[in-house]
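Scroll down for the structure; my scribbles are underneath it.
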Amino acid sequence: DRRPVRRALVSVYDKTGLEDLVRGLSEAGVELVSTGGSAATIAGLGLPVTKVEDLTGFPECLDGRVKTLHPRVHAGILADTRLPDHVRQLEELEVAPFDLVVVNLYPFADTVASGAGVQDCIEKIDIGGPTMVRAAAKNHASVAIVTDPTSYGEVLETVRGGGFTLAQRQRLATDAFVHTATYDVAVASWMGSVVSTSDETPFPGWIGGTWAKKSGLRYGENPHQSAAIYVTEGASGLAQAEQLHGKEMSYNNYVDADAALRAAHDHGDQPTVAIIKHANPCGIAVGESIELAYERAHACDPVSAYGGIVATNRPVTAAMATALNDTFSEVIVAPDFDAEALTTLKEKKNRRLLKVATPAPGGVETRPISGGLLVQQRDAIDGVVETTGDDKPTQGHGDDPSAWVLVTGDAADETTLVDLAFAWRAVRATKSNAILLAKDQGSVGIGMGQVNRVDSCHLAVNRAGEERAKGAAAASDAFFPFADGLQVLLDAGVTAVVAPGGSVRDDEVVAAAQAAGITMYFTGTRHFAH
Ligand code: 93A
């Protein structure tokens, strides 16, 4: 079922290998049609070429924004030449079909990585290129689509050998759709960053309002630092907690309890428990009951959980209280405590029990730097971000698994997808660089706070141990800049991964995942936590 290649459309930004390719195609009798710069290169080699402008009778315009976006180009790509009616229509319209389309796209990710300005990056969002790539991939019954310059050698051999088989065209089409999908993920994640750097980001009045000292604290992060807690009207959160029992809260208790509170409320209505140490989770889990969630969260890393801060999004029950008394925790944070649970928990004299209302979604957070204060919208999962009047969500669109892009492997089955979604929500509570492995909606290995992603991957895998890493679902809070970190997860037997995508080397990362035969999704949304 080989289809001979008689006519090719060539439009490449990266001209690497172009000379050998077009010489070879020309020698094999293939008619070449090409865009401005590519056509100039081909003509410069003394080879016959038709400019797209001459084909369409429409000039390239708007600084190149409109080159190939024309029905004379797209009818030639999209006609299914197996259908007599399509062939007849092309004849009537005097359009000749293409058998091969060679395109590589404007280097969007490289341009962003180079530190170029917003307008330069916008100009590098290729529109016509992906349109041709997708059209040719859709019509793989008739057309072969080539996007990778390193494959030109093989392409020439295939053309000389009589053309592409259907299986080859299908494989090329699959690669092409992954290529355009990852390209759009890069654009989407960058667009988000452009939107949120806007000067119009609204901040509530309390930022500039009056602050009152709630109480002094015994000391700050260390005993030689004095400290206090301040509150302001209109704010709500951990600082407004009601302490039901235990020693006075310390500075570090507040910091960790706040991280725990946030982590425990990221999983919607499902009973959730987060155990936090040094503002990082040593276990997060969702369960059919709060007791089960606690058991799973604790099982993630029982050694580290000792002396931790436990937060839940449900009232603490008597059964959970009994389990909590088996180990040492500094603070327990919950929306409420059942009467019997309270009696049990009060057996430990010093342990602090905090009743904290479910935090309102959105809001802003501040962070002191020497000489000033940084203010930002709080990172939100599910796109809930506070704005002044209109409640337009400005981020978090990529938190919904139905919006994820499957970049390689089979679509995850329901159980795996649930674990991936859990891991994605839980990794947000982890300091960057963060990698979180999950099974049965519980974390089993967490790598956090490392200065490179590979080390976080090693940590996550080591903490999980051989048994638990095998078959786990993994989430990465930001893109894999290289394939090396992902490879650590793959070597440990992780079978499904979710990450934002958007790296210049996404292709290498996806190729590593593909080689391992795993499932990988890109979200287009990042959740750094520093
Ligand atoms: O600006 S575009 O989005 N509009 C188009 O109509 C279009 N057609 C092809 N970019 C377009 N292209 C891109 O131009 C291709 O994807 C390729 O990257 C590049 C090739 O341009 P040239 O042949 O002029 O160097």
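Placing unit charges on each Cβ (+1 for Lys and Arg, -1 for Asp and Glu) gives the chain a dipole about its Cα centre, and among His70, Val407, Gly162 the Cα reaching farthest toward its positive end belongs to Val407. To put it simply, the accessible area of the chain at a 1.4 Å probe is 52 percent carbon and sulfur.
In a reduced charge model with +1 at each Lys and Arg Cβ and -1 at each Asp and Glu Cβ, the chain shows a dipole moment near 860 debye about its Cα centre.
Put simply, the C-alpha atoms of the stretch 295-366 give a gyration tensor, and the ellipsoid matching it has half-axes of 21, 16, 12 Å, longest first.
In a solvent-free Debye calculation with one equal scatterer on each Cα, what is log10 I(q)/I(0) for the stretch 263-320 at q = 0.13, 0.18, 0.23 Å⁻¹, listed in the order of the q values? The calculated log intensity ratios at q = 0.13, 0.18, 0.23 Å⁻¹ are -0.26, -0.49, -0.80. Largest first and in whole Å, what are the equivalent-ellipsoid semi-axes of the stretch 66-200 based on the Cα gyration tensor, each being the root of 5 times an eigenvalue? Largest first, the stretch 66-200 gives 33, 18, 12 Å. Loop-located trypsin sites (Lys or Arg not before Pro) across the stretch 284-381 with a Cβ neighbour count of 13 or fewer within 10 Å are Lys349, with loop assigned by DSSP.
Roughly what % antiparallel, to the nearest 5, for the DSSP beta bridges in the chain?
Details: 39 of 69 bridges.
Roughly 55 percent of the beta bridges in the chain run antiparallel, per DSSP.
The alpha-carbon atoms of the stretch 30-120, seen along their principal axes, cover 51, 30, 22 angstrom, with the largest extent given first.
Axis angle, to the nearest 10 degrees, between helix 251-264 and the longest C-alpha principal axis of the chain: 50 degrees.
Given a cut-off of 43 Å, what percent of all Cα-Cα pairs of the chain lie beyond it?
Details: 44611 of 140185 pairs.
Cα-Cα pairs of the chain separated by over 43 Å account for 32 percent.
For the stretch 324-375, report the translational diffusion coefficient in µm²/s to the nearest whole number, using Stokes-Einstein at 20 °C, 1.002 mPa s, and a Kirkwood Rh over Cα pairs. The estimated diffusion coefficient comes to 154 µm²/s. The modelled label-to-label distance between Asp338 and Ala167, using points 7 Å beyond Cα along the C-beta direction, is 6.1 nm.
Would you tally the net charge around Trp424, using a Cβ to Cβ cut-off of less than 12 Å, leaving Trp424 out, and scoring K and R as +1, D and E as -1?
Working: positive: Arg425, Arg428, Arg526; negative: Asp266, Asp382, Asp399, Asp400, Asp419, Asp477.
Every neighbour counted, the sum reads -3.
In the chain, Cα pairs under 8 Å separated by at least six residues give a relative contact order of 10 percent.
Calculated accessible area for the chain comes out at 46 Å² per residue, all protein chains present (probe 1.4 Å; ligands, DNA, RNA ignored). If you average 1/r over every pair of different alpha-carbon atoms in the stretch 372-530 and take one over that average, what Kirkwood value in Å do you get? Final number for the Kirkwood radius of the stretch 372-530 is 15.5 Å.
For Glu27, what is the net charge nearby, where nearby means another residue's Cβ is under 12 Å from its Cβ and Lys, Arg count +1, Asp, Glu -1?
Net charge around Glu27: +1.
Among the GluC sites (Glu not before Pro) in the stretch 23-107, those placed in a DSSP loop whose Cβ has at most 15 other Cβ atoms within 10 Å are Glu94.
Which links in Lys346/Lys431; Lys214/Lys247; Lys67/Lys138; Lys277/Lys346; Lys348/Lys439 stretch past 24 Å when you go from one Cα to the other? Pairs exceeding the cut-off: Lys346/Lys431; Lys348/Lys439.
The values are calculated or read from the model by the stated rules, or taken from the named source; none is laboratory data. Note that the structure is a prediction, hence the values are computed from the model and not measured. Note: ideal-geometry Cβ built from the backbone for every residue, glycine included; neighbour counts use all protein chains shown. Heavy atoms of the whole protein, side chains included, go into the accessibility calculation; ligands, DNA and RNA do not. Shrake-Rupley method; radii C 1.70, N 1.55, O 1.52, S 1.80 Å.
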